[in-house]
Amino acid sequence: MTLTTLGDLTSHFMLRRHNVALRTEMQRLSQELATGETANPIRHLTGDYAILADIEQRMVGNAAYRQARAEASTTTDAMQGALGGLQDMTVGLASSLMTTSDSGLLASGRVAADQARETLDRAVSLLNTRVAGRALFAGNEVAMPAMADAETIMADLRVSVAGMTTSAQIGAALDAWFNTPGGGFDTVAYVGSDMSVPPFRVAEGESVSLDLRADHAALRQSLKPIALAALAGDATLDMATRNAIYRAAGDQLFQAQDGLTALRADLGVTQARLEETGVRLASEKLALEGSRSGLLSVDPYDTATRLQEVQFNLESLYTLTVRMSRLSLTEYM
């Protein structure tokens, strides 16, 4: 009978190899027990990775769409807030201008002109609103402001109405300045792009266009009477002309409310659509996560049982290692 014996060094390497294997297995099972998912998807799926790859690709797409929808929603909300602030200001100024024109008081007229000048400052600031470093109303030129500052606008308007002394003349000059293509508004006031920002792709086959720019006709019609009222503070104008300008500006501001309301209504529809898309994307995310979990999930009872077995084997290996390290010639004999 032939006896096969192992030397001390060989025994040491065998024990060490078993130790590493058992510790690796215990770490894997511990991870699976904690996460509920397999640590080795390829072995768990017996090499059929196609379904999992498809699910994970769709999850990446879903995450991208959710990010785009969130950006679009933030932009839309900010636009809605800016237009709401502009509408509130114009309504308040319109009421003040109508009251001033009826009173005929010089002091009230000066206050109204100052209020109009301040309102123009605030309106320009709202149209230059930025979110995450991107201008909202500047079209595709998101790094630049949409509007020149109010002082620059007023300076060019004063040049346009220089020497005019009647409400009709000044009103006609402002109509031309604001509404003529290539006129003062296009060359001085609006400094954004004439191209709209690209649509947000918020879902598969679904895009949202937020192409509202500060040169929109409804916004021009809101800014024009504000500037008109601000020009009424010119000291060269008589009281009757000033009151006529205040009344005309007040009437125009009230008429401009329909345009602002229509813009806000359109944005409201977009907000509701983005909200619905967000709910749908969130549901899709949960469904994809459930499908992925179903493919990679492990039986917790079976995993715990195997973990106990590995722990027992590891403890037995430690005991054997200790006994072998104490082995002496006397004990061997």
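Observations on the structure shown:
- Pairing each residue of segment 200-211 that is of a type in the set (S, T, Y) with any residue that is in a strand (DSSP E or B), provided the two are 6+ apart or on different chains, yields C-beta distances under 6 Å for S207/R201.
- Every condition in (1) at pLDDT below 95; (2) surrounded by 14 or more Cβ atoms within 10 Å (Cβ to Cβ); (3) at negative phi holds for G139 except the one numbered (3).
- Only residues that are over 13 Å from V161 (Cα atoms) and of a type in the set (D, E) were counted in segment 226-253, giving 2.
- Within segment 201-229, considering residues that are within 24 Å of the chain's Cα centre (by Cα) and charged (D, E, K, R), the one farthest from A244 (Cα to Cα): E204
- When we screen D194, D114, D121, D175 for residues that are assigned to a helix (DSSP H, G or I), out of contact with any Phe, Trp or Tyr (no Cβ under 8 Å at 6 or more places or on another chain) and closer than 30 Å to T75 by Cα, the only hit is D121.
- Taking every residue in segment 241-252 that is crowded, with 23+ Cβ neighbours inside 10 Å and pairing it with any residue that is hydroxyl-bearing (S, T, Y), at least 6 positions away or on another chain, the pairs with Cβ-Cβ distances below 7 Å are N243/S101; I245/S167; Y246/T100; Y246/S101; G250/S101.
- Hits in segment 140-162 (condition: of a type in the set (G, A, S) and either in contact with a Phe, Trp or Tyr (Cβ under 9 Å, 6 or more places away or on another chain) or assigned to a helix (DSSP H, G or I) (or both)): A146, A148, A150, A155, S160
- Options D211, D186; residue that is surrounded by fewer than 21 Cβ atoms within 10 Å (Cβ to Cβ), outside any helix (DSSP H, G or I) and charged (D, E, K, R): D211
- Residues that are of a type in the set (A, V, I, L, M) and over 19 Å from A173 (Cβ atoms) within segment 206-252 comprise V208, L210, L212, A214, A218, L219, M239, listed in sequence order.
- Of the residues in segment 230-238, none is among the acidic types (D, E) and in contact with a Gly (Cβ under 8 Å, 6 or more places away or on another chain).
- Checking T236 against (1) farther than 21 Å from T99 by Cα; (2) surrounded by 17 or more Cβ atoms within 10 Å (Cβ to Cβ); (3) modelled with pLDDT under 90, the condition it does not meet: (2)
- Residue among L281, L263, L267, L307 that is surrounded by 13 or more Cβ atoms within 10 Å (Cβ to Cβ) and at pLDDT below 90: L307
The values are calculated or read from the model by the stated rules, or taken from the named source; none is laboratory data. Everything numeric in this text was worked out from a predicted model, so none of it was measured. Cβ atoms come from the backbone with ideal geometry, glycine included; neighbour counts cover every protein chain shown.
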